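Here's the structure, in structure tokens; my notes come after.
The values are calculated or read from the model by the stated rules, or taken from the named source; none is laboratory data. Owing to the predicted nature of the structure, the values given are computational and were not obtained by experimental measurement. Ideal geometry is used to build each Cβ from the backbone, glycine not excepted, and the neighbour counts take in all protein chains shown. Note: areas computed on protein heavy atoms with side chains; ligands, DNA, RNA excluded. Shrake-Rupley method; radii C 1.70, N 1.55, O 1.52, S 1.80 Å.
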Amino acid sequence: MEKITNSPEETFGFGYELGSRALPGQIYCLDGDLGVGKTVFTQGFARGLGIEEPVNSPTFTILQQYEEGRLPLYHFDVYRIGDVSEMDEIGYEDCFYGEGVCLVEWAGLVPEILPEQVIRIRIEKEPEKGFDYRRITVDEPGKE
Ligand code: ADP
Ligand code: MG
């Protein structure tokens, strides 16, 4: 699936749609350059799950957990991770294989711990199409 957005609000809205439909146990892997909109997407996604509190990039803690929505949300941002063993230290397995929903910004930095069945979301700019243009590609196993 591919979605073009032309503003942060549209990317938020697309995140919201996916968050509204998210199911227990799903892992959403978000990749794309710095400043492309991963956190904006995540904020919409969280709102779609019914989370009202503000969501930011948990860059210095790697993991931020939200319990107030329809399902627990485990928001990882692994941008500053030094070694994948840090994921063990924060107990990522309980999140990945639990009943909540995981969303991992910069998932491409920790390929060795990602299960096969993850939903991959890539956000890309295309400078010649304007400053706010984003192409969001969603790859879900078993879906076109
Ligand atoms: P990341 O988490 O990928 O580093 P952020 O979500 O923190 O990026 O920041 C994205 C920035 O890009 C925000 O300042 C946002 O306002 C801006 N932006 C401009 N156009 C878009 C768009 N179409 N979708 C998402 N963000 C956009
Ligand atoms: Mg971010």
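Numbers below:
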{"quantity": "Residue satisfying condition, being over 25 Å from PHE131 (Cα atoms), away from ligand 2 (no atom under 16 Å from the Cβ) and among the hydrophobic types (A, V, I, L, M, F, W, C), within set ILE81, ILE51, ILE62", "calculated": "ILE51"}
{"quantity": "Checking GLN65 against (1) part of a strand (DSSP E or B); (2) within 16 Å of ligand 1 (Cβ to nearest atom); (3) open to solvent by 10 Å² or more (accessible area, probe 1.4 Å), the condition it does not meet", "calculated": "(2)"}
{"quantity": "Among residues of region 84-105, those that are outside any loop (DSSP other than H, G, I, E, B), under 17 Å from LEU71 (Cα atoms), touching a residue at least 12 places away in the same chain (Cβ under 8 Å) and more than 16 Å from the chain's Cα centre (by Cα), counted", "calculated": "0"}
{"quantity": "Counted residues, region 39-48 - those being open to solvent by 10 Å² or more (accessible area, probe 1.4 Å) and farther than 12 Å from ARG70 by Cα", "calculated": "3"}
{"quantity": "Residue check, GLY50 out of contact with any strand residue (DSSP E or B) (no Cβ under 9 Å at 6 or more places or on another chain) and under 19 Å from GLY13 (Cβ atoms)", "calculated": "yes"}
{"quantity": "Matching entry among ILE81, ILE4 (being in a strand (DSSP E or B) and either open to solvent by 40 Å² or more (accessible area, probe 1.4 Å) or under 26 Å from GLU116 (Cβ atoms) (or both))", "calculated": "ILE4"}
{"quantity": "Matching residues, region 7-35, being closer than 28 Å to GLU93 by Cβ, within 13 Å of ligand 2 (Cβ to nearest atom), open to solvent by less than 50 Å² (accessible area, probe 1.4 Å) and not small (Gly, Ala, Ser)", "calculated": "LEU30, ASP31"}
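To keep it simple, each residue is scored yes or no on (1) among the charged types (D, E, K, R); (2) assigned to a helix (DSSP H, G or I); (3) closer than 15 Å to ILE121 by Cβ.
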position: CYS29; (1), (2), (3): no, no, yes
position: PHE41; (1), (2), (3): no, yes, yes
position: GLU52; (1), (2), (3): yes, no, no
position: PHE60; (1), (2), (3): no, no, no
